[in-house]
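Structure record follows, encoded as structure tokens.
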Amino acid sequence: MYECQLCGSISLDIVKVPVCDNCGYSFEVKEITDRDRIRAYHMRLSKSQNWVAVIRFKKIVNEIQIKKYGYSSAYSPSGAWSKRKTAELLGEGSVTTSEDIRLAEAIDKYPQLLNCKTKSEANKRLKEIQTGITYKGDQPTFQFEKDLQKYLNSNWSEIPFFKEWNLQKKGALKEGRYNTGVVGEIDILARHREENRWLVVELKRDQSSDETIGQILRYMGWVKENLTGIDGKVEGLIICEVADNNVRYALKCVPDVNLKIYSFENEKIIFRDAEDAYVEFLTKRMSPDQLRQLIEKLQGDT
């Protein structure tokens, strides 16, 4: 008695029935040899509305064929297997197949995805887990401050204003914060790639307050005394979603500390200078007449 590795069907005699009647898997050569049967099985499975079974099926198909032909990479022989070939075998687009296999692999790592009712919901939840970005209705946001930190650490090289800085990990805690051991934990600490300059980054998931100024200055003082040496310079950066006027006014007298406001556009995070974000906030609250009058005044001043 032989059980099909793909669909679980039982064959009593693989001499008489060398290929699974259900899905086209060959018991003899241990690969999928009947393209019509595998596509028909895939179609039946897709109609069942069991999204978990569908994506796991694609994952198993891909694994069976890789076991037979080897994994396709830049250094593999031309006959090696790939997700693209799995898509061709099943008669669907390569993007759909690749995304479904990726989701099936993620379920093994994050079993909580099984609680999702649809594949779309599972993909959305996976994105939340991997990026720390969650949703309030249709609006993306970070659920916790540590999620904002995780995003910045993971995408450090892609963020324009961090490109000249090296993220410092020595002395950092598991969550990525830098433990001073004296004045607390710095959310993010970086050093300039070429100059003796250090950057202390303080994160606020929601709204920052003027208390944040005192906190970041304390960290900057510790860095100045313990890391920079006599000729070094320390700069500060506050990143938050909303900044009140208290912070804006306080920073006008603290030139070494800057403020960035983050928001989401088309589910992508963007960063604005504080004054630009404040102007945008004010203009959104203006009536059309007030906005027109402001534009006319600015044009007249120039």
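Polar (S, T, N, Q), under 12 Å from the mean Cα position of the chain (by Cα), closer than 30 Å to ARG197 by Cβ and open to solvent by 50 Å² or more (accessible area, probe 1.4 Å) - does that describe any residue in the stretch 141-153?
no
Can you say whether GLU128 is more than 17 Å from ARG39 (Cβ to Cβ), without any contact (Cβ under 8 Å) to a residue 60 or more places away in the chain, under 19 Å from the mean Cα position of the chain (by Cα) and open to solvent by 60 Å² or more (accessible area, probe 1.4 Å), as far as the supplied structure shows?
no
Are there any pairs with C-beta distances below 7 angstrom linking a residue in the stretch 84-98 that is on the phi > 0 side of the Ramachandran plot to a residue that is surrounded by 14 or more Cβ atoms within 10 Å (Cβ to Cβ) and at pLDDT 95 or above, with the two at least 6 apart or on different chains, and if so which?
GLY91/ARG39
Output yes when any residue across the stretch 24-43 is in contact with a Leu (Cβ under 9 Å, 6 or more places away or on another chain) and assigned to a loop (DSSP other than H, G, I, E, B), and no when none is.
Yes, that holds for at least one residue.
When the residues of the stretch 47-87 are narrowed to those that are under 28 Å from the mean Cα position of the chain (by Cα) and of a type in the set (Gly, Ala, Ser), which ends up modelled with the lowest pLDDT?
ALA74
Give the residues of the stretch 256-292 that are at pLDDT below 85 and in a loop (DSSP other than H, G, I, E, B), sorted by residue number.
Hits for the stretch 256-292 are ASN266, GLU267, MET286, SER287.
If we scan the stretch 151-168, do we find a residue that is at pLDDT below 90, within 18 Å of CYS240 (Cα to Cα) and outside any helix (DSSP H, G or I)?
Yes, the stretch 151-168 contains at least one residue that is at pLDDT below 90, within 18 Å of CYS240 (Cα to Cα) and outside any helix (DSSP H, G or I).
Looking at the stretch 248-255, can you tell me whether even one residue there is modelled with pLDDT of 90 or more, assigned to a helix (DSSP H, G or I) and open to solvent by 20 Å² or more (accessible area, probe 1.4 Å)?
No - not one qualifying residue is present in the stretch 248-255.
Given the conditions (1) of a type in the set (A, V, I, L, M, F, W, C); (2) modelled with pLDDT under 85; (3) touching an Asp or Glu at 6+ places or on another chain (Cβ under 9 Å), and given that PHE144 satisfies all but one, which numbered condition is not satisfied?
Failed condition: (3).
Can you say whether ARG191 is at pLDDT 90 or above and open to solvent by 40 Å² or more (accessible area, probe 1.4 Å), as far as the supplied structure shows?
Answer is yes for this residue.
The values are calculated or read from the model by the stated rules, or taken from the named source; none is laboratory data. Values in this document were obtained by computation on a predicted structure and should not be read as measured data. Note: ideal-geometry Cβ built from the backbone for every residue, glycine included; neighbour counts use all protein chains shown. Only protein heavy atoms, including side chains, enter the accessible area calculation; ligands, DNA and RNA are left aside. Shrake-Rupley method; radii C 1.70, N 1.55, O 1.52, S 1.80 Å.
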